[in-house]
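What follows is a short report on a single structure.
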Amino acid sequence: MARGPENRDRRERRDRNADDRADSDIVEKLVYINRVAATVKGGRRFSFAALMVVGDQKGRVGYGHGKAREVPEAIRKATEEAKKSMIRVPLRESRTLHHDGAGRWGAGKIMMRAAPPGTGIIAGGPMRAVLEALGVQDVVGKRLGSSNPYNMVRATFEALKVQSSPRQVAAKRGKKVADVIGRRADGASAEAEA
């Protein structure tokens, strides 16, 4: 009888270690932390809300929001939610976006443009955190509407969700990749065919 709980503990430890290895390459970025108050009969009760972005810097990224009485607990909750909501975004040459994009969430509006090598990430605040976690190295981004970090992150995700690679477009249209992108001046069409 004593062996049952020991085996369960060993299995749980093994599962936790596997999770740690899988999460070791995931980058976590704290975007925003906010102290919120609830007015109760005895006065105000304070808690903290955290907005986190996580990504593997290879084309997967997610965001989450958590709230708790203590900051570390709020961050932990937000990180767990972010890992569950990860999306895959196709990247061109593993460094930039395939095409320009715009996103909107509420009053938050953003636009993003693919950029040549060496440009870096030209974007501010929450949008920069999302793009760094995604693994983009060259992109130009601009916030056009509200600077609310929650809306900016969601607008960035809306813009990233509509990104599509030439291979995806070719598959939808039933054509070859070369027919979809034609002949580019930078030679990217030859790379896409391979």
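The values are calculated or read from the model by the stated rules, or taken from the named source; none is laboratory data. Everything quoted here is computed from the prediction, not taken from an experiment. Cβ atoms come from the backbone with ideal geometry, glycine included; neighbour counts cover every protein chain shown. With ligands, DNA and RNA removed, areas are computed over all heavy atoms of the protein, side chains included. Shrake-Rupley method; radii C 1.70, N 1.55, O 1.52, S 1.80 Å.
Among the listed residues Ala115, Ala107, identify the single one that is buried (at least 19 other Cβ atoms within 10 Å of the Cβ) and among the hydrophobic types (A, V, I, L, M, F, W, C). Even if it seems obvious, please write down each step before you answer.
On the way: Ala107 fails: buried (at least 19 other Cβ atoms within 10 Å of the Cβ).
Result: Ala115 is the single residue among Ala115, Ala107 that is buried (at least 19 other Cβ atoms within 10 Å of the Cβ) and among the hydrophobic types (A, V, I, L, M, F, W, C).
Being assigned to a strand (DSSP E or B) and farther than 30 Å from Asp138 by Cα: is that true of Ala38 here? Spell out the reasoning first.
Values: assigned to a strand (DSSP E or B): yes; farther than 30 Å from Asp138 by Cα: yes.
Taking the combined requirement at face value, the residue satisfies it.
Would you pick out the residues in region 143-163 that are surrounded by 15 or more Cβ atoms within 10 Å (Cβ to Cβ) and among the hydroxyl-bearing types (Ser, Thr, Tyr)?
Kept after step one, since they are surrounded by 15 or more Cβ atoms within 10 Å (Cβ to Cβ), are these residues of region 143-163: 143, 145-146, 148-160, 163.
Correct list: Ser146, Tyr150, Thr156.
Give region 90-125 a look and list any residue that's small (Gly, Ala, Ser), within 16 Å of the chain's Cα centre (by Cα) and part of a loop (DSSP other than H, G, I, E, B), or say none.
The first filter runs over region 90-125 and keeps only residues small (Gly, Ala, Ser), leaving 94, 101-103, 106-108, 114-115, 118, 120, 123-125.
From the residues that got through so far, the ones that are within 16 Å of the chain's Cα centre (by Cα) too are 94, 101-103, 123-125.
Matches in region 90-125: Ser94, Ala123, Gly124.
So which residues in region 72-89 are open to solvent by less than 80 Å² (accessible area, probe 1.4 Å) and either hydroxyl-bearing (Ser, Thr, Tyr) or assigned to a strand (DSSP E or B) (or both), if there are any at all?
Answer for region 72-89, where residues must be open to solvent by less than 80 Å² (accessible area, probe 1.4 Å) and either hydroxyl-bearing (Ser, Thr, Tyr) or assigned to a strand (DSSP E or B) (or both): Thr79, Ser85, Ile87.
Which residues, taken from region 90-104, are open to solvent by 60 Å² or more (accessible area, probe 1.4 Å), among the charged types (D, E, K, R) and at pLDDT below 90?
Glu93
Restricting to region 41-71, name every residue that is out of contact with any strand residue (DSSP E or B) (no Cβ under 9 Å at 6 or more places or on another chain) and either at positive phi or in a strand (DSSP E or B) (or both). Spell out how you get there, then give the answer.
Here is the first cut: in region 41-71, the residues out of contact with any strand residue (DSSP E or B) (no Cβ under 9 Å at 6 or more places or on another chain) are 41-43, 58.
Hit for region 41-71 is Gly43, nothing else.
Val31 versus (1) in contact with a helix residue (DSSP H, G or I) (Cβ under 6 Å, 6 or more places away or on another chain); (2) in contact (Cβ under 8 Å) with a residue 40 or more places away in the chain; (3) within 20 Å of Val162 (Cα to Cα): which is the lone unmet condition?
If we test Val31 against (1) in contact with a helix residue (DSSP H, G or I) (Cβ under 6 Å, 6 or more places away or on another chain); (2) in contact (Cβ under 8 Å) with a residue 40 or more places away in the chain; (3) within 20 Å of Val162 (Cα to Cα), just (3) comes out false.
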